[in-house]
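Q: Handing you a structure now.
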Amino acid sequence: MRAAVLQLSAQGMSSTKLYNYIRIASKESVKVLLLGEYILNPFFKELQSLSFGMIQEQAEHQIKVLKELSATYKLTIIAPLIVVKKGKVYKTVAKFAPTSTSYYQQQLLINYPHWNEEKFFANEQKRVEAPLIFKIDGFKFAIMNGFEIHFDEMFEHISSKSVDCILLPSVSTFDSFERWKTVILSRAFTHNCYILRANRIGEYTDKEHTWNFYGDSLLASPNGELIEHLGNKEELMIVDMSHSEVLHARKSWGFKEMIQKRNPL
């Protein structure tokens, strides 16, 4: 399975770079392209000062563009989007396939005093459910928002679905570089699956903080190893993943089998 991460800063209404990079990905036989958070929409702190009408206009424009790109280049695009429905704003991750579009509404949102997405967005607060899971050519993907990787409850659903790769768009910042890498590699190892992470680049500054989005988009292997990663510049990363490698890791370590033997007890 060939996939790609497009590491960008916020693009606003412009689609030029998306067109150019998606054209390259298509020529390289990429099946799935992953974008980071707040690339197609302004950063969260900026969103708070925008009208719902402007947010909706941006979302409708990006949805139209990504549908066209997915259909034209015959690839699946995973893109975090802020959408407006009935006057309420929701944080989602959209899956644009050549013939269909699906949405995953983020279940667990940041709720810190300096960055309270949970308060701003209208995402429903309920019992944690399975994320969006889909297959391409027999290879099984799951879409999980970056912040959600911290929660064991998310992985209870992932484990039962035998996912090959978790697609993880993120907006990591401040001094979290090593911490994020550690948690991603650890989750990939304990669940014996790939994790493909897309983190945005760029910077946002207000009166109190500077958000430095440092990139470091990466691919973690089912053995918890760092296969590929980017720096802090605009870049396209193309990776190859193997279902057989996932199966080999699960057989070698036997984590899932160990639990399954004890479930009936």
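Q: Applying the selection to segment 1-28, what residues are among the β-branched types (Val, Ile, Thr) and farther than 25 Å from MET241 by Cα?
A: The one that is among the β-branched types (Val, Ile, Thr) and farther than 25 Å from MET241 by Cα: THR16.
Q: I would also like to ask the following. Collect the residues in segment 173-186 that are acidic (Asp, Glu) and either outside any helix (DSSP H, G or I) or in contact with a Ser or Thr (Cβ under 9 Å, 6 or more places away or on another chain) (or both), keeping them in residue-number order.
A: ASP175
Q: Mind listing just one residue for me: the one in segment 105-146 that is touching a helix residue (DSSP H, G or I) at 6+ places or on another chain (Cβ under 8 Å) and of a type in the set (Phe, Trp, Tyr) and, of those, nearest to MET241 (Cα to Cα)?
A: PHE139
Q: Let me ask something else. Take the residues of segment 101-120 that are part of a loop (DSSP other than H, G, I, E, B) and within 18 Å of the chain's Cα centre (by Cα): which is surrounded by the most Cβ atoms within 10 Å (Cβ to Cβ)?
A: Across segment 101-120, the extreme among qualifying residues is GLN106.
Q: Evaluate segment 239-246: report whether one residue or more is farther than 19 Å from PHE177 by Cβ and free of Cβ contacts under 8 Å to residues at least 60 places away in the same chain.
A: yes
Q: Considering only residues that are part of a helix (DSSP H, G or I) and of a type outside the set (A, V, I, L, M, F, W, C), look in segment 132-152 and name the one that is surrounded by the fewest Cβ atoms within 10 Å (Cβ to Cβ).
A: ASP152
Q: Any residue in segment 70-90 that is on the phi > 0 side of the Ramachandran plot sitting within a Cβ distance under 7 Å of a residue that is of a type outside the set (A, V, I, L, M) and modelled with pLDDT under 95? List the pairs, counting only those 6 or more apart or interchain.
A: GLY87/PHE52
Q: With the condition kept exactly as written, say whether any residue in segment 221-239 is surrounded by 16 or more Cβ atoms within 10 Å (Cβ to Cβ), over 26 Å from PHE44 (Cβ atoms), hydroxyl-bearing (Ser, Thr, Tyr) and over 16 Å from the mean Cα position of the chain (by Cα).
A: Looking for residues that are surrounded by 16 or more Cβ atoms within 10 Å (Cβ to Cβ), over 26 Å from PHE44 (Cβ atoms), hydroxyl-bearing (Ser, Thr, Tyr) and over 16 Å from the mean Cα position of the chain (by Cα), one finds at least one in segment 221-239, hence yes.
Q: Just need a number here: residues in segment 153-172 that are assigned to a helix (DSSP H, G or I), buried (at least 18 other Cβ atoms within 10 Å of the Cβ) and either touching a residue at least 40 places away in the same chain (Cβ under 8 Å) or not hydrophobic (A, V, I, L, M, F, W, C) (or both).
A: 1
Q: OK, next. Of SER51, SER9, which residue is in contact with a Phe, Trp or Tyr (Cβ under 9 Å, 6 or more places away or on another chain) and either in contact (Cβ under 8 Å) with a residue 60 or more places away in the chain or over 30 Å from PHE155 (Cβ atoms) (or both)?
A: That would be SER9, the only listed residue that is in contact with a Phe, Trp or Tyr (Cβ under 9 Å, 6 or more places away or on another chain) and either in contact (Cβ under 8 Å) with a residue 60 or more places away in the chain or over 30 Å from PHE155 (Cβ atoms) (or both).
Q: For segment 69-83, name all the residues that are crowded, with 20+ Cβ neighbours inside 10 Å and among the small types (Gly, Ala, Ser).
A: SER70, ALA79
Q: Just to be sure I understand, how many residues within segment 14-49 are at pLDDT 90 or above and in a helix (DSSP H, G or I)?
A: 15
Q: Scanning for something in contact with a Gly (Cβ under 6 Å, 6 or more places away or on another chain) and not small (Gly, Ala, Ser), does segment 214-227 turn up at least one residue?
A: Looking through segment 214-227, none of the residues is in contact with a Gly (Cβ under 6 Å, 6 or more places away or on another chain) and not small (Gly, Ala, Ser).
Q: Then there is this: Looking at (1) in contact (Cβ under 8 Å) with a residue 60 or more places away in the chain; (2) more than 15 Å from the chain's Cα centre (by Cα), which one does ARG197 not meet, given that it meets all the others?
A: Of (1) in contact (Cβ under 8 Å) with a residue 60 or more places away in the chain; (2) more than 15 Å from the chain's Cα centre (by Cα), only one is false for ARG197: (2).
Q: When the residues of segment 121-131 are filtered to those that are of a type outside the set (Asp, Glu) and surrounded by fewer than 18 Cβ atoms within 10 Å (Cβ to Cβ), which remaining residue is nearest to the chain's Cα centre (by Cα)? Quick ask: steps written out before the conclusion?
A: Within segment 121-131, the first condition is being of a type outside the set (Asp, Glu), and the residues that meet it are 121-123, 125-128, 130-131.
When the remaining residues are screened for being surrounded by fewer than 18 Cβ atoms within 10 Å (Cβ to Cβ), the result is 122, 125-128, 130.
On the way: ALA122: 20, GLN125: 20, LYS126: 21, ARG127: 21, VAL128: 18, ALA130: 15 Å.
Among them, the one singled out is ALA130.
Q: For segment 50-58, indicate whether the set of residues that are modelled with pLDDT of 95 or more and of a type outside the set (S, T, N, Q) is non-empty.
A: For segment 50-58, residues modelled with pLDDT of 95 or more and of a type outside the set (S, T, N, Q): absent.
Q: Does THR210 satisfy the condition of being within 29 Å of LEU8 (Cα to Cα), hydroxyl-bearing (Ser, Thr, Tyr) and at pLDDT 95 or above?
A: Against the criterion (within 29 Å of LEU8 (Cα to Cα), hydroxyl-bearing (Ser, Thr, Tyr) and at pLDDT 95 or above), THR210 does not qualify.
The values are calculated or read from the model by the stated rules, or taken from the named source; none is laboratory data. What you see is a predicted model, and the numbers here were worked out from it, not measured in a lab. Every residue, glycine among them, receives a Cβ derived from its backbone with ideal geometry; neighbour counts consider all protein chains shown.
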